[in-house]
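Undergrad: Below is one structure. I have some questions about it.
FYI, it's all coordinate maths here, none of it is from the lab. Predicted model, so just to flag it, every value in this text is computed and none were measured. With ideal geometry, Cβ positions are generated from the backbone for all residues, glycine too; neighbour counts draw on all protein chains shown.
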Amino acid sequence: MSGFRLMAVHAHPDDESSKGAATTARYAAEGHEVMVLTLTGGERGDILNPAMDVPGVRDRISEVRQEEMAEAARILGVKQRWLGFVDSGLPEGDPLPPLPEGCFALVPLEESTRALVKVIREFRPHVVTTYDENGGYPHPDHIRCHEVSMAAYEAAADPEYFPEDGQPWEIKKVYYSHGFIRKRLELFQEEYERRGEPFPMADWLKKWKTERGDMMVRVTTQVTCGDYFPQRDDALRAHATQIDPNGSFFAVPLDIQQKIWPTEEFELAKTRVTTSIPETDLFAGLEEDAQK
């Protein structure tokens with residue numbers, strides 16, 4: 001089966017490479033049409049790779065992040081578009097400072113929803129992936145990404161909603177991407193213990209906040225995509241201002257990841273088709289005539 005369309009909606013450049021990237025690479029390689037839609041330019045993201053914190057980079061950070069995104073999309077084999085909103089930044093302090101005027105999280109929901117609906121009606125995705133109600137983590141742009149995505153799911157199909165912005169289109173399924181799975185790290189740790197080696201993420205696992213529990217309880221769909229982990233990691237490294245190649249993303253060797261946990265996890269949030277849970281395919285339940 002080929003020819004379905006998948007849209008991955010993300011808040012910033014680099015999110016597409018750290019959340020569900022191997023899945024998008026797999027579907028693109030299999031002949032499906034995959035678009036990454038990046039809602040903001042990531043202008044306020046910190047430079048997290050010391051090697052990139054050099055003169056001239058911060059001064060042209062918007063351009064640099066566009067270049068990084070283009071390379072990541074090329075590596076993953078996907079299309080990519082910008083929605084054009086301005087990064088809100090991640091406020092820090094107690095109390096938290098106000099968000100910057102004009103940033104994405106402060107744009108009226110109807111305005112950002114309309115912008116997303118227009119792209120949805122142009123691309124006509126059968127499946128959309130986005131973030132859960134907590135944004136995956138509580139960044140204001142991630143939470144807004146969830147809100148806009150869910151509003152656009154309804155609005156894109158409504159013929160009375162801005163008819164001048166294209167013909168109505170029904171998205172068949174919406175998924176939340178769940179990348180932070182405690183059980184995954186626990187199994188990696190067990191493998192290191194079996195080998196008699198120290199687990200490089202042991203301290204990180206000890207600090208894991210457990211009040212929300214393991215997100216695995218919400219997962220409905222696991223997509224096997226271990227063969228595409230190298231592309232995922234290469235796409236991550238393409239975001240050189242954001243990703244430290246010596247950081248935790250790359251602490252566990254690929255052969256262990258591919259052996260112990262070769263899937264990416266999603267939660268079916270909305271569906272207009274009948275499917276059976278658990279799933280192994282984001283397109284499960286779609287019929288051939290849905291490809292129109």
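Undergrad: Mean residue ellipticity at 222 nm from the helices of the chain, using -39,500 (n - 2.57) per DSSP H segment of n ≥ 4 over the full residue count, to the nearest 500 deg cm²/dmol? Spell out each step's value before the answer.
TA: Values: 9 runs with 96 residues, N = 292.
The helix contribution divided over the chain gives -10000 deg cm²/dmol.
Undergrad: Could you give the nm distance between label points at E110 and E186, where each point is 7 Å from its Cα heading toward the beta carbon?
TA: Going by the 7 Å Cα→Cβ label model, 4.7 nm.
Undergrad: Here is a follow-up. Of the DSSP beta bridges with both residues in the chain, give the percent that are antiparallel, rounding to the nearest 5.
TA: Working: 10 of 29 bridges.
In the chain, approximately 35 percent of DSSP beta bridges are antiparallel ones.
Undergrad: Going by how many other Cβ atoms sit within 10 Å of their own, how do R195, R44 line up, fewest first?
TA: Lowest to highest Cβ neighbour count: R195, R44.
Undergrad: How big, in percent, is the set of alpha carbon pairs in the stretch 60-122 lying more than 21 Å apart?
TA: Counting pairs separated by more than 21 Å, the tail of P(r) holds 45 percent.
Undergrad: Using 0.36 nm times the number of residues separating Q258 and R194, minus their current alpha carbon distance, what extension gain do you get? Working shown, then result.
TA: On the way: separation 64, 0.36 × 64 = 23.04 nm, distance 1.66 nm.
Residue separation times 0.36 nm, minus the Cα-Cα distance, leaves 21.4 nm.
Undergrad: For the chain, what is the relative contact order in percent, using Cα pairs closer than 8 Å and at least 6 residues apart in sequence? Numbers along the way, then the final one.
TA: Values: 509 pairs, mean separation 71.1, N = 292.
Here the relative contact order equals 24 percent.
Undergrad: Based on the alpha-carbon gyration tensor of the stretch 1-146 and its eigenvalue square roots a ≥ b ≥ c, which shape applies: rounded if a/c is under 1.5, prolate if not and a/b is larger than b/c, or oblate?
TA: On the way: a/c = 1.98, a/b = 1.33, b/c = 1.49.
Taking the square roots of the gyration eigenvalues as a ≥ b ≥ c, the stretch 1-146 is oblate.
Undergrad: Next up: Using 5 Å bins from zero, what percent of all Cα-Cα pairs in the stretch 159-291 falls into each bin?
TA: 2, 8, 15, 15, 17, 15, 10, 8, 5, 3, 1, 1, 0
Undergrad: Fully extended, how many nm does the chain gain between E101 and A251 (0.36 nm per residue separation, minus their Cα-Cα distance)? Don't skip to the answer; put the middle values down first.
TA: On the way: separation 150, 0.36 × 150 = 54.00 nm, distance 3.80 nm.
Result: 50.2 nm gained on full extension.
Undergrad: Continuing with this model, one more query. Once you have the Cα-Cα distance between D59 and M216, take 0.36 nm times their residue separation minus that, and quote the gain in nm to one decimal.
TA: 52.4 nm
Undergrad: Which FRET efficiency value, to the nearest 0.05, is calculated for E67 and D46 with the Förster distance at 22 angstrom and r the Cβ-Cβ distance?
TA: Computed FRET efficiency for E67 and D46 comes out at 0.80.
Undergrad: I've got another one for you. Classify the chain: rounded, prolate or oblate, from the alpha-carbon gyration tensor (a ≥ b ≥ c, eigenvalue square roots; a/c under 1.5 rounded; otherwise prolate if a/b is larger than b/c)? Can you show the working numbers first?
TA: Working: a/c = 1.60, a/b = 1.16, b/c = 1.37.
In terms of gyration-tensor shape, oblate.
Undergrad: How far is the Cα center of the stretch 169-198 from the Cα center of the stretch 84-147, in Å?
TA: If you average the Cα positions of each part, the centres end up 25 Å apart.
Undergrad: Cut-off is 10 Å between beta-carbons; in what order do K172, K79 appear when sorted fewest neighbours first?
TA: K79, K172
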